[in-house]
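Visitor: Below you'll find the structure I mean.
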Amino acid sequence: MQCEALNYSFIIRTVVGDPDGYKRPVITVHAANSTIPKWNCQRPFPAPLIRARNGELLQIEFKNMLRDQLRSIHFHGLHMFNNPWMDGVDMITQCPIHVGVTFIYEFNLTQTGEQDLIHEQYSYDENSDYPIILQEWYHESWQDIMTGYQSFFNSSKEFKPRYSWPPTSLLINGHGRFDCHTTNCKKASRSNFSEPTKCNETIQCIPLRESYFGECQSDRHDLDEFHCHNGKYGRLRLINAASSSPLRFWIDQHPLLIVARDSLPVKPYEKLYIAIAVGQCLDVIVRCNQNPKFKYHMFVALPENFIVGVNPDNWMNTLFVYPNSTVISPPQLPPQANFNDDVLFEYKHLKPLNAENYKSQPAIKRLTYKFSVIFNTSEEATLEEWQINDKTLVSPSYAALLQSIYFDENAGV
Ligand SMILES: [Cu+2]
């Protein structure tokens, strides 16, 4: 039995960051002590990596140093078996962490991506084992996006609430490239190689004023390089951290062998490019057997025709490199995207490696809830309404929902 806990201590705060070259406030999580590297101002996120083994007890402390926001931390993808209080969804499983307050999450790790079998078979290089976080990025604040989503139709003249919210740019591990010219309509142009997704989008031209925090700089960050050794394998743990869109990912001339989905091993399945659903995590093995003199493009892109809105920055790239590669290989395009094939492929084709290990436990008590989302178009209403058993869900005001139900069976109904 594991007795000693693995401790991490973090601070949540707002700083000025420029993930895509445009300066704006960003929320960062950084180490509160010096045992792990402190926050890197060049890359305020992703947050520091937490490393733990299956079964280990984790104590992760968060101090909320935001001035005006209450927060909680949700460990997405980790199932809090027998420990729902630690799921970190505010007003559902806990009260949010107040400004200046520290909260400790304590749980045993019950899922990991470690797969001895896969490791033995492909023996990927430890130095080519990368978590890669893909996400959309916005220049609007979360408050603005939520107002755009939740406001009433015609709350101002011809206003329509909207979902999905079109992103401003895409980020790979916290870095992207925003075309700063688009803050000025007259200069708007695309200079890089264009249309890798063959999308015929109109160039975005929103005459925004310059950022309040300083000048915009499209090439603020060099392209990241992910290393792979000739003849070996690399492992990429791809995470779609976007809020509203599946994302496509591919590496030129390097097929992707999917070996795990949300940290559970699956029967290996190869694809030239993959679409990852929101919140999903796919582990892929890449064989590094192409001409090692080249650096290859690694792409993330929005699926075609899915995000509505004018958006030139619907892709981002970095480089997949060999030890002595010097020349950047010309980018190649993956086959034409098919939305249904892309987004549904994981359900159709990814099967658990050891299905018998994942049989669900018999239910102690089975409850049936009808969950529905109503889409409105009327002038009086907001866009969406969420209902449980035909009733609009309203969180109890005096405690988190889980707590209310646990201590008072009549609450939250
Ligand atoms: Cu989650």
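The values are calculated or read from the model by the stated rules, or taken from the named source; none is laboratory data. Just so it is clear, the structure is predicted and the values come from calculations on it, not from any experiment. A quick note on method: Cβ atoms are made from the backbone with ideal geometry, for glycine too, and the neighbour counts reach across all protein chains shown. Note: areas computed on protein heavy atoms with side chains; ligands, DNA, RNA excluded. Shrake-Rupley method; radii C 1.70, N 1.55, O 1.52, S 1.80 Å.
Visitor: Of the listed pairs Lys232/Lys271; Lys232/Lys293; Lys271/Lys351; Lys271/Lys359; Lys271/Lys295, which have alpha-carbon separations greater than 24 Å here?
Guide: Result: Lys271/Lys359 exceed 24 Å.
Visitor: Still on this structure, please answer the following. For segment 74-153, what does the alpha-carbon gyration tensor say about shape, rounded, prolate or oblate, given a ≥ b ≥ c as the root eigenvalues, a/c under 1.5 as rounded, and a/b over b/c as prolate?
Guide: Oblate, because a/c is 1.5 or more while a/b does not exceed b/c.
Visitor: Let me ask something else. Based on the mean of other Cβ atoms within 10 Å per residue, sort peptides 215-226, 271-282 so the most packed one is first.
Guide: 271-282, 215-226
Visitor: Would you mind telling me the antiparallel percentage of the DSSP bridges in segment 6-108, rounded to 5?
Guide: In segment 6-108, DSSP labels about 65 percent of beta bridges as antiparallel.
Visitor: Let me ask something else. Step through the residues of segment 379-385 one at a time and calculate ³J(HN,Hα) from phi using the Karplus curve (6.51 cos²θ - 1.76 cosθ + 1.60, θ = phi - 60°), rounding each to whole Hz and writing x for Gly and Pro.
Guide: Result, rounded to whole Hz: 5, 7, 10, 8, 5, 10, 9.
Visitor: Using only the heavy atoms of the protein chains and a 1.4 Å probe, how would Met298, Met80, Met65 rank by accessible area, largest first? Write out the running numbers ahead of the final one.
Guide: Values: Met298 0, Met80 25, Met65 80 Å².
Sorted by accessible area, descending: Met65, Met80, Met298.
Visitor: Given H placed 1.01 Å from N in the peptide plane, which residues other than close sequence neighbours of Ser164 have an amide H under 5 Å from its amide H?
Guide: So Ser164 has HN proximity to Val308.
Visitor: Another question, if that's okay. Using heavy-atom solvent-accessible surface (probe 1.4 Å) with all chains present, what is the largest-first order of Trp250, Trp85? Present the calculation step by step, with values, prior to reporting the outcome.
Guide: Working: Trp250 5, Trp85 80 Å².
From most accessible down to least: Trp85, Trp250.
Visitor: Could you state the accessible area per residue of segment 40-125 in Å², with a 1.4 Å probe and every protein chain left in place?
Guide: 58
Visitor: When the gyration tensor of segment 135-183 is built from Cα positions, what are the square roots of 5 times its three eigenvalues, in whole Å, from largest to smallest?
Guide: Those come to 26, 12, 8 Å.
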